[in-house]
Amino acid sequence: MRHSQRWLWLLLVGAPVAAAASFGAGLAVTDRLEQDNRFCIACHVSSEKRLHQDKYDGFLPVDGLAASLAAAHHGSKREPFKCVDCHNGATFTDKLMIKTQAASDTIAYFLGNFEEPRSMRFSLGNRLCRTCHFKAGDTTGKKASFHQADDHAKLPFLCYECHQVHLQTKRETQFLERDVVQPLCDECHSKL
């Protein structure tokens, strides 16, 4: 085999193998780092405010009470609940999409071309909520709830469209806000 053929073979075989190994190592490293919520807010937008700091602050109880759905999960029996428990997705495909987006965001951040996202760019769908809440609104032994009503069982809405995750609201309302939920209800119940 000629010297140039060896280089070509190394390039054609070695580059993809190296890229796959690097991606795998990156997944392993970030998976480990994401076990600490402080890692999720460690990037500095300015010297005064960290990226996602307000989301993290809302993740913590206020005066011992859950002020958001995220805080309620944080204080649940499944301790310690971490940001990544929701933001990593429910499936392997979710994880790959999120890690790819995170890699792109990291590059943008270091190039100085990054803004705090206003929403999720990759929908985690209801499949994420159902990893723990298999039957939404389970009312065993009780009168049928909203989620068990035949007309509501197949609504095209995502769980977190109604149950606001990071918005500060009251546990008693199941983290529902009238201003958010009413327009969704009105799509079918406009005459009520």
Discussion item. Name the residue that is surrounded by the most Cβ atoms within 10 Å (Cβ to Cβ), counting only residues in the range 5-36 that are among the acidic types (Asp, Glu) and not in a helix (DSSP H, G or I).
Written reply: 34
Worksheet entry | Qualifying residues in the range 37-69 (those that are in a loop (DSSP other than H, G, I, E, B) and among the β-branched types (Val, Ile, Thr)) - the one modelled with the lowest pLDDT | 45
Discussion item. Give all pairs with beta carbons closer than 9 Å in which a residue from the range 8-27 that is free of Cβ contacts under 8 Å to residues at least 60 places away in the same chain meets a residue that is loosely packed, with under 10 Cβ neighbours inside 10 Å; count only pairs at least 6 apart in sequence or on separate chains.
Written reply: 9/1
Response to the item:
Considering residues that are surrounded by fewer than 11 Cβ atoms within 10 Å (Cβ to Cβ) and of a type in the set (Gly, Ala, Ser), the number found within the range 113-125 is 1
Worksheet entry | Total residues in the range 121-133, condition under 16 Å from residue 73 (Cβ atoms) and part of a loop (DSSP other than H, G, I, E, B) | 5
Discussion item. Can you tell me which residue is nearest to residue 55 (Cα to Cα) among those in the range 102-121 that are among the charged types (D, E, K, R) and free of Cβ contacts under 8 Å to residues at least 24 places away in the same chain?
Written reply: 118
Item to complete: State which residue is nearest to residue 159 (Cα to Cα) when the search covers only the range 70-112 and only residues that are loosely packed, with under 14 Cβ neighbours inside 10 Å and at pLDDT below 80.
Response: 76
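Results for (1) within 25 Å of residue 186 (Cα to Cα); (2) at pLDDT 80 or above, shown as yes or no for each residue.
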position: 114; (1), (2): no, no
position: 143; (1), (2): yes, no
position: 147; (1), (2): yes, no
position: 161; (1), (2): yes, yes
position: 166; (1), (2): yes, yes
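The values are calculated or read from the model by the stated rules, or taken from the named source; none is laboratory data. For clarity, every value in this text was computed on a predicted model and none was experimentally measured. Note that each Cβ is placed from the backbone with ideal geometry, even for glycine, and that neighbours are counted across all protein chains shown.
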